[in-house]
Structure formats: C-alpha cells, structure tokens
Amino acid sequence: MALTPEERQDRDMSEAALQKAVLELAKEAGWDLRFHVRAGRAHWNLGSGLPDLVLIRVPRLIVAELKRQGKSPEPEQVRWLTAFEKLQQEHGIPEVYVWRPSDLRTGLIEDVLL
C-alpha cells in the first residue's frame, strides 16, 4: 500500500527535527524549563536511555522520548519510561510520553503542551 503524503512526511522527519519542533512549541506554550538530551552526551552516571526531553511548567512535569515514525523505544529507554510511569501512578507526576512525527502533525503534542 502506498504511503499518503502525510505518512511520507512523518516517515522522513528526523528525530532531531522533531525535537526542534517540540522545543519550539514548548517555548511558545510557556514551558520555561526545557532540558533535552543530545544523543551520546548523557554521561552523568545516568546510564543510557534517559528520555529525550524534560519539560517543566509548574505544576506540570513532562518527560518525553522522541522516536522516528515506526520506531519503538530501546530496552534501556523502556526501563526509564517504566520508572517514570510508576512515579506517575504513585504520585501523579510526571506525565510520560513517547512522541513521533505523526503526533506533531495531528496536533497531539501541541494539545499536551497547552
């Protein structure tokens, strides 16, 4: 089955481009504290797999893993996401997401950040 133009655009968007777009949306939406992990640069004894984005706009805290369309988090990323989800279940924070280009195109990410 042939891809629609939107699906092709989602497939072709890099994780870096998605990250840039999400950070711009976060800034516009007033997320004052924005931290992003650059690939291969998280060396503070955190281990690998820390989600790509940590966004704070009190009283909200978001952790988000960004993936290319059709890709899934790696096992070490799932470990971090699962730990954050347990915190969410037990304490109500943080909000935990795995975002892909289609989530940007459909407005889902913007809805979360507003």
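Rule-based calculations on the coordinates, nothing more; no lab input. For clarity, every value in this text was computed on a predicted model and none was experimentally measured. Every residue, glycine among them, receives a Cβ derived from its backbone with ideal geometry; neighbour counts consider all protein chains shown.
Quick notes on this structure:
- Estimated vicinal HN-Hα couplings, Hz - the range 52-63 in sequence order (Karplus 6.51, -1.76, 1.60; Gly, Pro = x): 5, 10, 10, 10, 10, 9, 3, x, 9, 9, 10, 10
- Neighbour-count order for ARG100, ARG68, fewest beta carbons within 10 angstrom listed first: ARG68, ARG100
- For the chain, DSSP calls about 65 percent of its internal beta bridges antiparallel.
- All-pairs alpha carbon distance profile, the range 43-108, 5 Å steps from 0, percent: 4, 16, 24, 26, 19, 9, 2, 0
- Computed lengthening from GLU7 to ARG34, 0.36 nm per intervening residue step minus Cα-Cα distance: 6.9 nm
- Value of [θ]222 nm, deg cm²/dmol, for the chain, DSSP H segments ≥ 4, -39500 (n - 2.57) each, nearest 500: -13000 deg cm²/dmol
- Whole-number percent relative contact order across the range 42-114, with pairs defined as alpha carbons under 8 Å at least 6 apart: 29 percent
- Under 27 Å of direct C-alpha separation, and excluding same-chain neighbours fewer than eight residues apart, LYS86 reaches these lysines: LYS67, LYS71.
- Dimensionless Rg/Rh of the chain - Kirkwood Rh, Rg from C-alpha atoms: 0.97
- Phi-derived couplings, Karplus 6.51 cos²θ - 1.76 cosθ + 1.60 at θ = phi - 60°, listed residue by residue for the range 105-110: 4, 7, x, 4, 5, 4 Hz, with x used for Gly and Pro.
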